[in-house]
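Remarks on the structure that follows.
The values are calculated or read from the model by the stated rules, or taken from the named source; none is laboratory data. These numbers were taken from a predicted model, which means no experiment stands behind them. As a convention, Cβ positions derive from the backbone with ideal geometry for all residues, glycine included, and neighbour counts pool all protein chains shown. Just so you know, the surface numbers come from the protein's heavy atoms only, side chains and all, with ligands and any DNA or RNA stripped out. Shrake-Rupley method; radii C 1.70, N 1.55, O 1.52, S 1.80 Å.
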Amino acid sequence: MNKLGILLSGRGSNFEAIAAAVREGRVEAEIAVVISNKPAAPGLARAKELGIPAESIPSKGTRRDEYDRRVASRLKEYGVDLVCLAGFMRLLSAGFVEEFPERIVNIHPSLLPAFPGLDAQAQALEHGVRYAGCTVHFVDEQLDSGPIIAQAVVPVLEGDDEHALSARILKEEHRIYPEAIQTIVSGDYRIVGRRVFGGRVAS
Ligand code: GRF
């Protein structure tokens, strides 16, 4: 499993972290294609600068199942075997998930199952938690669900606003997402129920 397909909708900093890890050999895979539903996504432009195949498939006005079919078939044309969501702001249909069983991963800026959905960092601040963080997980047909591959914890500090907390979490996202992808790419893991065991963990 060594061809990654990245789906993004915006800034693309997680994509860049993955691309850097690929360049440096920390992720033993290639990025086969970057696809965005937003033609103006900065992450798409950055991919092109890096010489990575990148294209937009605009979602506006297209039914979800039809859109997902289009994206899935494009990913398959590129030979993608692991789909990495990196700020892809769309829910994936069950049909899409079935096309890539246990082959879709996502990064979410909270310690799931706390604070799924939009504005996770703001939700964490509002709730008053002392620790926040991020989660890399397999994607199933529910929102921010699916077995957890990796998590990182950061403290919530007294002076934090959403911006400061998000920046602290993002730094950890850029660290754990490539690490988790390498675990999956290496095949050195097992999924038992909802638990994901790395190869070095005794059975
Ligand atoms: C990240 O916070 C990620 O956890 C969430 O969307 C944001 C994407 O940021 N899913 P970027 O586009 O990777 O910079």
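Points worth noting:
- Count of residues meeting criterion [open to solvent by less than 60 Å² (accessible area, probe 1.4 Å), in contact (Cβ under 8 Å) with a residue 40 or more places away in the chain and not hydroxyl-bearing (S, T, Y)] in the range 156-173: 4
- Subset of the range 5-29 (residues that are under 20 Å from P101 (Cα atoms) and within 14 Å of the ligand (Cβ to nearest atom)): I6, L7, L8
Yes or no, residue by residue, for (1) closer than 22 Å to G117 by Cβ; (2) within 16 Å of the ligand (Cβ to nearest atom); (3) surrounded by 19 or more Cβ atoms within 10 Å (Cβ to Cβ):
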residue	(1), (2), (3)
I31	no, yes, yes
S36	yes, yes, yes
A41	yes, yes, yes
G51	no, no, no
T62	no, no, no
D65	yes, no, no
E77	no, no, no
G87	yes, yes, yes
R90	yes, yes, no
